[in-house]
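All remarks here apply to the structure that follows.
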Amino acid sequence: MVPFSDPDAAYAPAAVLERRARALGDEGALRRAQLIQADVLCRKGKHTASGQLIREINEWATEHGHRHLMARSHRLLSVFFDFIGDVPSAWEHAVPAVELLDDTMSERMRADHLFGLGQVLVRTGAWDAARERYRAALQLADGLDDIPLRVKILNNLAWLEDDAGDTHQSMEIAKRMQAFAQQHGVTLDAACLDTIANAQLNLGLYAEAEATLRPILDDKHLSSRPIEGLGEALNTAAGAQRLQGHMADAAATVDRCIELCTTRGMIAIRVEALEERARLFAAQGLFQRAYEQYIEVHEEDGALRAAQREANARTLQAVFETTEARREGERFRQLSLRDALTGLRNRRHVDTELPLLLARSREDGAPLAIGLVDLDHFKEVNDRFSHAVGDKVLVRISGILAAATAESGWAARMGGEEFLLVFPGLNLADAFQRCEDVRRAIESVHWDEAMAGEVVTASIGFTMLQRGRTSQAALFGQADRNLYAAKHQGRNRVVSDLA
């Protein structure tokens, strides 16, 4: 049950153990062996079969109080939901995967579970919390003879700092990873090389970035390499060549990247490569071709999102189709209450759940606060940078809102660029401060690529349940008036009608 790095070597022994456990009638050992197999299936891309098995094991472990299996199955369910893009569900499983750890479980397992929680926190934009988990995992890994784990954590930590806007810190960690790998005779894979090159690129070290990726560029047999990070590395190399003015080399590299992505099914990276090709056209003054390429990027990105949603829905249906009808119906009802783009709750959830919260608060006198969030001048983002960029902004900001409500409450997308924060049980000062923290976090985001140097801000109308203001309509009406006041007073502020 110790997390492992070689899935091909793990499957056959696990299958043998399952047969032995079945013959002995030892269901606990049987489930442990099955979970190892499910882990392998997940890593090999067989997510439907893996998800079905992990869910069954998690239910059995919960029913029988098997703490070890509960922890591991929650960890793997978090990986499953993260893969299909359901970040809230990934979070819901990553947290108990850590909470269920105890002193009987190995340091390797503890490090892996902390690392998994850090990955999900990154998805929500909770940089400080993610950084804390990654560093705790790294501290545990430093005491283990597990070099691949330490490289993996350092790689993710470097990307975290890049996402958080600290390019210099990202570079320092990337150098540390590189030195560690050299010290232990480890050849860095494409994903790790791309991390280093991306940090160099952001610091203007274009020739160095290309040199870092030279092992990928010079490899005539990329089809034999593991897929992870390969397309991204080629795309980064093309960008480095373009920024040096080596247009012919950049064109050849981006064509190679697109061909690789097409043949190996890396659709999302193909979209990024098409966008790099558009930048290349623009850098050469071929603005009509750049425009046409951006149109293709937008169309393929939209088609990709639709295809991913359909594929994920089929995966979820297959995973949960064996559950009794009531539980299946509840699961899909929950999916219908999520916004497809951001993963936040949607207006339907608000109209279903908020009246219940209001009724409960009126009954027991508990406080209930809301913040109506509207992004300032968001139409300009879509008009200037494209709707695809606007969608990325919405997803990033949704992560900030999800992190702000992770401990108590929830966030919803009401439509367009308008969101709702709901804080049950928080007093006036704490709830208002949460809204102010959200406003500051949004203003502080360092955007990259087309949005580099831009600042996105938000106005928030804050209010609380009060005597004479007990209905959803009355609460929204007051929050909307406060939001209007925030806009009228200059935007990028939180306005409340309460002292």
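The values are calculated or read from the model by the stated rules, or taken from the named source; none is laboratory data. Nothing here was measured: the structure is a model prediction, and the numbers come from that model. Backbone-built Cβ (ideal geometry, glycine too); neighbour counts: all protein chains shown. In case anyone asks, the SASA skips ligands and DNA or RNA and just uses the protein heavy atoms, side chains included. Shrake-Rupley method; radii C 1.70, N 1.55, O 1.52, S 1.80 Å.
Structure data summary
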quantity: Surface share of carbon and sulfur [accessible, 1.4 angstrom probe, percent] for region 1-81; calculated: 53 percent
quantity: Mean-position separation - Cα centroids, region 390-426 and region 480-499, in angstrom; calculated: 18 Å
quantity: Neighbourhood charge, 14 Å Cβ-Cβ cut-off, centred on Phe432 and excluding it, Lys, Arg +1 and Asp, Glu -1; calculated: 0
quantity: Label-point gap, in nm, between Arg347 and Ser223 - each point 7 angstrom along Cα→Cβ; calculated: 5.0 nm
quantity: Counting DSSP beta bridges with both ends in the chain, the antiparallel % (nearest 5); calculated: 85 percent
quantity: Student exercise, region 437-499 dipole from Lys, Arg, Asp, Glu Cβ charges, in Debye to nearest 20; calculated: 480 debye
quantity: DSSP H segments from the chain that extend 15 Å or more along their own axis, Cα-based, with Kyte-Doolittle mean of 1.0 or above; calculated: 387-404
quantity: Heavy-atom accessible surface of region 410-474: percent carbon and sulfur, 1.4 Å; calculated: 46 percent
quantity: Per residue solvent-accessible surface (Å²) - region 104-256, probe of 1.4 Å; calculated: 43 Å²
quantity: Net charge, Gln178 excluded, C-beta distance under 13 Å - Lys, Arg +1, Asp, Glu -1; calculated: -1
quantity: Within region 16-84: Cβ-based charge dipole about Cα centre, in debye rounded to nearest 20 (Lys, Arg +1; Asp, Glu -1); calculated: 260 debye
quantity: Glu380-Gln244 FRET efficiency (beta carbon distance; Förster radius 35 Å; 0.05 resolution); calculated: 0.65
quantity: Overall form of region 344-499 per C-alpha gyration tensor (a/c, 1.5; a/b vs b/c); calculated: prolate
quantity: Mean separation of Cα contacts under 8 Å, 6 or more apart, over the residue count of region 1-159: relative contact order %; calculated: 15 percent
quantity: Packing-based order for 66-77, 225-236, using average beta carbon neighbours within 10 Å, highest first; calculated: 66-77, 225-236
quantity: Other-chain or far-sequence residues with amide H under 5 Å of Trp447's (modelled H); calculated: Gly453, Glu454
quantity: Extension gain, Thr457 back to Phe83 (0.36 nm per residue minus Cα-Cα distance, nm); calculated: 131.6 nm
quantity: Dipole magnitude (debye, nearest 20) for region 1-155, charges at Cβ of Lys, Arg, Asp, Glu; calculated: 340 debye
quantity: Reach of Lys46 by Cα under 23 Å, taken over lysines that are not fewer than 8 positions away in the same chain; calculated: Lys152
quantity: Label assignment, volume of the Cα convex hull per residue in Å³ derived from the structure, set [x] 165; [y] 386; [z] 296; calculated: [x]
quantity: Three-way shape label, region 18-104, alpha-carbon gyration tensor, a/c 1.5; calculated: oblate
quantity: Cβ-derived FRET efficiency at R0 60 Å, Arg440 paired with Asp8, nearest 0.05; calculated: 0.80
quantity: Full-extension gain in nm, Arg135 to Ala29, via 0.36 nm per residue minus C-alpha separation; calculated: 34.9 nm
quantity: Inter-probe distance in nm under a simple model that places probes 7 Å from Cα toward Cβ, at Ala252 and Arg467; calculated: 8.0 nm
quantity: Point-to-point label distance, Leu203-Ala283, nm (Cα→Cβ direction, 7 Å offset); calculated: 2.0 nm
quantity: Sites Glu449 and Thr262, calculated FRET efficiency, Cβ-Cβ separation with R0 22 Å, nearest 0.05; calculated: 0.45
